[in-house]
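The values are calculated or read from the model by the stated rules, or taken from the named source; none is laboratory data. Keep in mind it's a predicted model, so treat the numbers as computed, not measured. Note that each Cβ is placed from the backbone with ideal geometry, even for glycine, and that neighbours are counted across all protein chains shown. Just the protein is used for accessible areas: all its heavy atoms, side chains included, with ligands, DNA and RNA removed. Shrake-Rupley method; radii C 1.70, N 1.55, O 1.52, S 1.80 Å.
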Amino acid sequence: MGILGGGQLGLMMILEGRKLGVKFLVHDGDPQAPALSASDGRYIGDSWMELVNKSDIVTFEFEHVNPSAIKMAEEEGKLRPGSLTIRLKQDKIIEKSFLRDRGFSTPSFMVINNMDDVGRAIRRFGKVVFKVPRGAYDGKGQYYVMNGDGANGVPREFPLLAEEFVDIHREVSVILVRSSDGHVLTYPVTENHHYNGILLYSISPARIDDEIANRARELAIGLANTLDYVGVLTVEFFVTRNGEVLINEFAPRVHNSGHWTLMGAAVSQFENHIRAILGMPIGPTELL
């Protein structure tokens, strides 16, 4: 199995995949990337083509990986999940538009193309989060405007995504695994707490009522089916104080809010991702 990206998620995937007898090849631009040290084959810099050629199946542990490697792996029928998820994740405007156009509930948003649009967004939403659409993650590239005087802090780099500021009661995620024949299992809904955009800790099961948990699971499964997804998919939600369940974003991969599954679930998200993309039976996701 080839893994594009050599971060901590790739490392955990390798450690969990050893029990299945899988050998792993890893590509990363950084020779110090942690997954490289545990891999059976190290590919650094421009050597991604060799990794794709030598792999039976190729996956990724991060969205911002070499697009040429993604394209080559898909053309050779080796890529799981498919490249649509990568294309959606590499631009927040495209991701949000995809969700909205297919009927999924998200925070209200608009696309910002100039400073006049910035003013329109502030008048429309009152409190606004402006987001750089490409290359930003873990809370980076976000600018909060809580009143009309804050427009000067918005970067003059367009387009931007402008979202209404949501009064959040809980931030939760649903991690699921979907097999190639459409069988889906979900892990317990997990409550997430962030500090400066970085996940600090998670609580599972989330402290929400069953109706809201079921709604989040239904939305996540609906998205996985819409994408004809294979592997582990994570969907992050805002639960508002009036009980709305809104998709914030999704991650087409194993996720840091599922680290607890390593010892807290019957089969971890990392093992189940490998099982799904190799066509093996997916394992139970119950909380231990």
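Using 1/(1 + (r/R0)^6) with R0 = 35 angstrom and r between the beta carbons of residue 47 and residue 196, what's the FRET efficiency to the nearest 0.05? The calculated FRET efficiency here is 0.50.
Quick check: with the 1.4 Å probe, what order do 43, 143, 201 take by accessible area, largest first?
201, 143, 43
In terms of packing, defined here as the mean over residues of other Cβ atoms within 10 angstrom, the peptides 2-9, 232-239, 111-118 line up highest first as 232-239, 2-9, 111-118. Cross-link pairs exceeding 32 Å between alpha carbons, from the set 54/140; 89/127; 71/127; 71/92; 23/140: 54/140; 71/127; 23/140.
What the Cβ-Cβ distance of residue 37 and residue 168 gives, at R0 = 30 Å and to the nearest 0.05, is a FRET efficiency of 0.20. Residue separation of residue 114 and residue 209 scaled by 0.36 nm, minus their Cα-Cα distance, works out to 30.0 nm of gained length. Extension gain for residue 94 to residue 68 (0.36 nm times residue separation, less C-alpha to C-alpha distance): 7.4 nm. In summary, region 131-288 shows an alpha-carbon radius of gyration equal to 1.12 times the 2.2 N^0.38 Å reference for compact globular proteins. Cα centroid separation, region 72-100 to region 253-279: 21 Å. Scoring 265-276, 207-218, 162-173 by mean Cβ neighbours within 10 Å over their residues and listing the highest first yields 265-276, 162-173, 207-218. If a spin label sat at a point 7 angstrom from the Cα of residue 124 along the line to its beta carbon, the backbone N atoms of region 164-189 nearer than 18 Å would be those of 164-167. The alpha carbons of region 17-87 give a radius of gyration and a Dmax of 11.7, 32 Å, in that order. Three principal axis extents of region 201-288 based on alpha-carbon atoms, in descending order, are 41, 30, 19 Å. Each other residue within a Cβ distance under 14 Å of residue 156 adds +1 if Lys or Arg and -1 if Asp or Glu, for a net charge of -3. Over the chain, dividing the summed -39,500 (n - 2.57) contributions of all DSSP H runs of at least 4 residues by the number of residues returns a 222 nm mean residue ellipticity of -8500 deg cm²/dmol.
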